[in-house]
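Just below is one structure, and these are the notes that go with it.
Only the coordinates and a few stated rules stand behind these numbers; no lab work does. For clarity, every value in this text was computed on a predicted model and none was experimentally measured. Cβ sites come from the backbone with ideal geometry, for glycine too, and all protein chains shown count toward neighbours.
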Amino acid sequence: MISIIICSRTPAISAELEYNIAETIDSEFELVVIDNSSGNYSIFQAYNEGVRQSKGSLLCFVHDDVRFRTNAWGKRIKTHFESDVYLGMVGCAGAHFLPDAPMYWDESPFISEYNLTTRNGQTERCFSLEHFGVNALAEVAAIDGMCFFVRKSLFDSVAFDEATFQGFHFYDMDISMQVREAGFKVCVCNDVLVEHFYDYNPCKAGFALFETNLQKFYGKWSSIFPLAVGLNGFTDGVVGQLNEYVKRQMEIRKSLEKVKESKAYRWGKTLLHPMKSLKG
């Protein structure tokens, strides 16, 4: 059975999502909905509670604002796990390379993903399939948390790290590292399509907590970075060169961001485009 664990922003998930799951999964399942409408849980705490309540041998951790677009997706996911005893985790998007400087997975130069993202009514096809070849799975370093599956048995040795992290970021990357350290593969699949209705608009405090968790994540796992997974032909030398290149690009981008935030830059834009500034 597949236990579908959802940290819900409302007392119950929408009828549309519940119907979508029931109509498309084509496998025995249970819903484990953690009511976080009052904001009493971090996502780490909510997911740990969901694990405790779950009865399935496979656990699906999924956001409350998605739609499954593939029929019989439950059977497909079960087949993946049954075909490889060392497969520990499957997601919809993830990074093959992470440098030894703080980086979120979606900034990586090497990504595999297969999902849809809908923002303000506009749907984007997030398909990056170059690392799959003829396979339905691509091994990655870490996955995104919008929707992912883990063997229930792994939670005898792993858990969402609510002691280190707060809020709603890096639960996915951290549990990916734990699964890998336990000796299991972390993969992205290209045969289950999920649509994410993305409406996240973080406040200043949200950005600050994101940065805090980013630093904690890299502090916790610093000994394993840089990390390259599923990139054929990448020797240690190539990984080292890539690591230095990516870090230089990050430094350049941060320097440009600081310039754009400066008063001199804003005044310069005003002087160069006075009418646009007055209109705007």
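Within segment 34-61, find all residues whose amide N lies under 15 Å from a label point positioned 7 Å from the Cα of Ala163 along Cα-to-beta-carbon.
Residues 45 fall inside that zone.
Amide H to amide H under 5 Å from Leu87: which residues, 5+ apart in sequence or cross-chain, H placed 1.01 Å off N in plane?
When sequence neighbours closer than 5 places are left aside, the close amide H contacts are Lys185.
State, to one decimal in nm, how far the label point of Ser222 lies from the label point of Ala15, with both points 7 Å from Cα in the Cβ direction.
Modelled inter-label distance: 5.4 nm.
Roughly how far apart, in whole Å, are the Cα centres of segment 1-64 and segment 230-250?
38
Between exposed GluC sites (Glu not before Pro) in the chain, where DSSP calls loop and at most 13 other Cβ atoms lie within 10 Å, what's the longest gap? Don't skip to the answer; put the middle values down first.
Values: sites that count: Glu28, Glu130.
Counting only loop sites that pass the neighbour cut-off, the longest clear stretch is 131-280.
For segment 29-86, just run the numbers: alpha carbon Rg, then divide by 2.2 N^0.38 Å, N being how many residues it has.
On the way: Rg = 13.5 Å, N = 58, 2.2 N^0.38 = 10.3 Å.
So segment 29-86 has a normalised radius of gyration of 1.32.
Taking Lys55 as the anchor, which aspartates and glutamates have their alpha carbon closer than 16 Å to its alpha carbon, excluding any fewer than eight residues away along the same chain?
Hits, sequence-local ones excluded: Glu28, Glu30, Asp156.
Apply the Karplus parameterisation 6.51 cos²θ - 1.76 cosθ + 1.60, with θ equal to phi minus 60°, to every residue of segment 5-15 and state each ³J(HN,Hα) to the nearest whole Hz, in sequence, with x for glycine and proline.
3J(HN,Hα) across segment 5-15, in whole Hz: 9, 10, 8, 9, 7, 10, x, 9, 6, 5, 4.
Going 7 Å from the Cα of Phe210 in the Cα-to-Cβ direction, what parts of segment 151-173 have a backbone nitrogen less than 15 Å from that spot?
167-173
Grab the DSSP H runs of the chain that are 4 residues or longer, score each as -39,500 (n - 2.57), total them, divide by all residues and round the 222 nm result to the nearest 500 deg cm²/dmol. Each step should come with its number before you reach the end.
On the way: 8 runs with 103 residues, N = 280.
One gets -11500 deg cm²/dmol as the mean residue ellipticity at 222 nm.
Can you flag which of Lys220/Lys247; Lys78/Lys220; Lys216/Lys247; Lys220/Lys254 are past 30 Å Cα-Cα? Show your work: numbers first, answer last.
Working: Lys220/Lys247 19 Å; Lys78/Lys220 32 Å; Lys216/Lys247 18 Å; Lys220/Lys254 23 Å.
Checking Cα-Cα distances, Lys78/Lys220 exceed 30 Å.
Using alpha-carbon pairs under 8 Å, 6+ residues apart, how would you state the relative contact order of segment 2-234 in percent? Before the final figure, lay out each step's value.
Working: 489 pairs, mean separation 60.0, N = 233.
That works out to 26 percent.
I'd like the chymotrypsin sites (Phe, Trp or Tyr not before Pro) in segment 15-88 restricted to DSSP loop residues with at most 13 other Cβ atoms within 10 Å, sorted by number. Could you put the intermediate results ahead of the total?
Numbers: sites: Tyr19, Phe29, Tyr41, Phe44, Tyr47, Phe61, Phe68, Trp73, Phe81, Tyr86; in loops: Tyr41, Tyr86.
Those that pass, being in a loop and sparsely packed, are Tyr86.
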